[in-house]
Amino acid sequence: MKNLTIREGVIAGIDEAGAGTLETEPFLDCQGGYAVPGLWECHGHLMELGAVSPEVRSMILTNQNLPSDSDWDHHVQDQLTAFLKRGVTHIRDVGGPLDSLETLVQSMRNGQYTGPDIRYAGPMLEKPPLHWASKNRRYPGFTVPIETRQDVDTMLDSLACHGASLVKTFNKFDQDMLAYLLERAVEHHLPVTLDPGCALYHWIPMEYAIEIGIRCFEHAQAALPSVLKTEWRSEIEPYRFSPPESEENRALFRKIMTHSDDVIDRERLRDLCQLMVDRDVCICPTLFTLQPMRTRFTDAPLNAGEALRRKINETFCDLMHTIIDTMASAGVKILVGHDSSFARGVALETGFLSEWGIKPAEIIKGATLYPAQWIGADDLYGTIEVNKIADLVILDENPLDNIANIETVRAVYHQGKWID
Ligand SMILES: [Zn+2]
């Protein structure tokens, strides 16, 4: 048992119980509890809490079964409080309009809202036509085209100027343009993460991305094309740059997913894992997003089309399971992120990762230490140590016994303040 002293938002001392003077006010008796560092949502999208048009506000409120004329500030504060109450003290926002997220964070700094620390990427970046173009109608600036070096320069200057902490790239990039973006991002001290966009047809192979300096990948499928057996990779190659939704590409995806033998080259997968460990590369699998695939079409009887869909879904999830399980066993850092804005998303994602065999201690690091390291803030966050910011979650039950205990929250400290 330990006494933990918090002074001016910082962990000032960790002593054996009974030693020294208790300076923390209010003194909180956490006997029998378990302290973990404040949790990070590593793949969030908070644009629904940012500066949105009045029409979009009413739509968001209605979607959440609230009266469309509800008080907006109250709604935003409720959502932010829900994160803190669950011990989520950090959110890594990996895609949303830059001005909207900047406004949200500024409002928190000005004291208008209280909530987790938000580190945002701003827009998704890729070569047009844009994968998420339709989102720009509701959230202008959600996704932005990058075609020239001038576009890269302008965008990175803007990100740096408007408080972004990272850069989010989509897989549809010319290889040399992405390499240029990486160079410029290093100058701005902005880490870059890469989202595969679609499962199979990647313009940027994972090994190349690692070679030029990418140190984080979003979604389990980021590795899929790189670890397929040679015959499948040769079959994909001619279609790699055509639209994923084209009939040829869909047919090839179906063919691979309904193939009866193992399509993964285990040696290639092991080599990729080793490369990730050697270069300190992490992955945020967002298993939450696979849930609809895992639970759909489970009720018999199914017609032929549904049975085929089910087979494809099952195979796809099995492949993702193999990839993530192998990565975790090899010591790759797995981040905890659920790909939306649910306050309970971190807890749910920890449960899915546990179901797939990841050990509780690794899951907790993936929601605390690893994201802090990736973003370059582990001198202040990610562990419970003297001189680190006092972001703490006190649990009633031990999360190392069962990761579901991450939901037994007794108390939360954010920047040294007790969240009542
Ligand atoms: Zn996402």
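Observations on the structure shown:
- The set of residues in the stretch 239-296 that are of a type in the set (S, T, N, Q) and either closer than 17 Å to MET327 by Cβ or assigned to a helix (DSSP H, G or I) (or both) comprises ASN249, GLN274, THR286, THR289, GLN291, THR295.
- Residue check for THR289: β-branched (Val, Ile, Thr) and within 16 Å of the ligand (Cβ to nearest atom): yes
- All of (1) within 23 Å of ARG309 (Cβ to Cβ); (2) buried (at least 21 other Cβ atoms within 10 Å of the Cβ); (3) more than 16 Å from the ligand (Cβ to nearest atom); (4) free of Cβ contacts under 8 Å to residues at least 40 places away in the same chain hold for PRO196 with one exception: (3).
- Residue check for ALA133: free of Cβ contacts under 8 Å to residues at least 12 places away in the same chain and in contact with a strand residue (DSSP E or B) (Cβ under 7 Å, 6 or more places away or on another chain): yes
- Any hit, the stretch 48-61, residues being away from the ligand (no atom under 16 Å from the Cβ), farther than 23 Å from LYS365 by Cα, at pLDDT below 95 and in contact with a His (Cβ under 7 Å, 6 or more places away or on another chain): yes
- Residue in the stretch 217-230 that is more than 16 Å from the ligand (Cβ to nearest atom), outside any helix (DSSP H, G or I), over 18 Å from the mean Cα position of the chain (by Cα) and at pLDDT 95 or above present: yes
- Filter result (farther than 20 Å from PHE217 by Cβ and among the charged types (D, E, K, R)) within the stretch 357-395: LYS359, ASP379, GLU385, LYS388, ASP391
Every residue, every condition in (1) within 29 Å of GLY96 (Cα to Cα); (2) surrounded by 15 or more Cβ atoms within 10 Å (Cβ to Cβ); (3) in contact with a helix residue (DSSP H, G or I) (Cβ under 8 Å, 6 or more places away or on another chain), yes or no:
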{"residue": "ASN313", "(1), (2), (3)": "yes, yes, yes"}
{"residue": "ASP339", "(1), (2), (3)": "yes, yes, yes"}
{"residue": "GLU349", "(1), (2), (3)": "yes, yes, yes"}
{"residue": "ALA367", "(1), (2), (3)": "yes, yes, yes"}
{"residue": "ASP378", "(1), (2), (3)": "yes, yes, yes"}
{"residue": "GLY382", "(1), (2), (3)": "yes, yes, yes"}
{"residue": "LEU400", "(1), (2), (3)": "no, no, yes"}
{"residue": "ASN405", "(1), (2), (3)": "no, yes, no"}
{"residue": "LYS417", "(1), (2), (3)": "yes, no, no"}
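- Residue pairs whose Cβ atoms lie under 9 Å apart, separated by 6 or more positions or on different chains, with the first residue in the stretch 33-44 and within 10 Å of LEU369 (Cα to Cα) and the second within 11 Å of the ligand (Cβ to nearest atom) and assigned to a loop (DSSP other than H, G, I, E, B), are TRP40/GLY337.
- Residue within the stretch 372-379 that is modelled with pLDDT of 95 or more and over 15 Å from CYS42 (Cβ atoms) present: yes
The values are calculated or read from the model by the stated rules, or taken from the named source; none is laboratory data. Computed from a prediction, not measured in an experiment: that's the story for all the values here. We place every Cβ from the backbone using ideal geometry, glycine too, and count neighbours over all the protein chains shown.
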